[in-house]
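First the structure, in the form of structure tokens, and then the observations on it.
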Amino acid sequence: MSTRYIGRLAPSPTGLLHLGHAATFWAAYQRAQQHRGTLLLRNEDLDPQRSKQEYVNAMIEDLAWLGIEWTPPMVVQSERIAIYREAFEWLLASGHAYACTCSRRELAQMVAAPHEETDDEPVYTGRCRPAEGAAAQTLAAGMNYRFRLPDGEVVRFEDRNLGAQSFTVGEDFGDFLIWRKDGLPSYQLACVVDDAAMRITEVVRGADLLKSTARQILLQRALRLPAVEYFHTALLRDENGVRLAKRHDALAIRTLRKRGLAPADVLRMFGASPLAT
Ligand SMILES: [Zn+2]
């Protein structure tokens, strides 16, 4: 393997960084350091209602405080809408996507995915999916679009931390949203397009995103983008078994810092130790 390692941190500026984020970001930083690679920062600010500049500033400050170094410039998703739209229109023109007119209520009634652990959406039943061989659709404003998945396909990948993974289309997830009626790409589409554009070689993320990884592998293949390696980190839990990601405010990095904790104390809270470099 002669490819140079390029990793990324991809926070959403919708709140303060908490301990769960810090653990994942620390793992990403460590992976990049171990490979003498580069770590990039991507600001995933595609939620116009919840993304705030103050959280971007806080995130940059908290990363620096923790000792996590990244290579500028920061990639900002809200500045890249035209690039995502181009990828989406290609998927649409090649028959990989279709408009979905289901209401929120109809979607809620579809079968829930078996693993509630991942906060995942119900498996889409394919209600709006056009017949095989139907003419490709064109982009209309104010419409949601889904990615058409190969029925029953099993997505397998070897996770560099958790080992062999396998997910089945139609059981673990169904046709998922790639373009939203507010004219923005879904998380899945933006992520896949950016990982390719940034030449990411390994994605480090929490194990709650394993199914998203399987979805993204299918999107990569449809877009004919290069495959990426994955390293999923185990989810942090408190002493009662509650996922730390569920307990935002109390464990914000900022809160811990105000209580007088040092970066090394925070790293110890998730079983890591400062890197000797
Ligand atoms: Zn639908």
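Here are some notes:
- Here D175 meets the list (1) farther than 26 Å from Q49 by Cα; (2) open to solvent by less than 30 Å² (accessible area, probe 1.4 Å) almost entirely, failing just condition (1).
- Of all the numbered requirements in (1) within 15 Å of the ligand (Cβ to nearest atom); (2) open to solvent by less than 60 Å² (accessible area, probe 1.4 Å); (3) in contact (Cβ under 8 Å) with a residue 40 or more places away in the chain, L92 misses one, and that requirement is (1).
- Scanning the stretch 193-245 for residues that are touching a helix residue (DSSP H, G or I) at 6+ places or on another chain (Cβ under 6 Å), closer than 22 Å to T38 by Cβ and part of a loop (DSSP other than H, G, I, E, B) yields L225, V228.
- Filtering the stretch 181-208 to residues that are out of contact with any strand residue (DSSP E or B) (no Cβ under 6 Å at 6 or more places or on another chain) and open to solvent by 50 Å² or more (accessible area, probe 1.4 Å) leaves D182, Y187, A197.
- Scope the stretch 133-169; condition in a strand (DSSP E or B), exposed (fewer than 12 other Cβ atoms within 10 Å of the Cβ) and touching a residue at least 12 places away in the same chain (Cβ under 8 Å); matching residues: S166
- Any hit, the stretch 20-40, residues being in a loop (DSSP other than H, G, I, E, B) and crowded, with 21+ Cβ neighbours inside 10 Å: no
- The one condition from (1) within 16 Å of the ligand (Cβ to nearest atom); (2) modelled with pLDDT under 95 that R148 does not meet is (2).
- In the stretch 116-132, residue most open to solvent (accessible area, probe 1.4 Å) [restricted to those that are closer than 22 Å to R221 by Cβ and within 16 Å of the ligand (Cβ to nearest atom)]: E121
The values are calculated or read from the model by the stated rules, or taken from the named source; none is laboratory data. If you're wondering where the values come from, they're calculated on a predicted model, not measured in any experiment. Positions of Cβ are backbone-derived with ideal geometry, glycine not excepted, and every protein chain shown enters the neighbour counts. Only protein heavy atoms, including side chains, enter the accessible area calculation; ligands, DNA and RNA are left aside. Shrake-Rupley method; radii C 1.70, N 1.55, O 1.52, S 1.80 Å.
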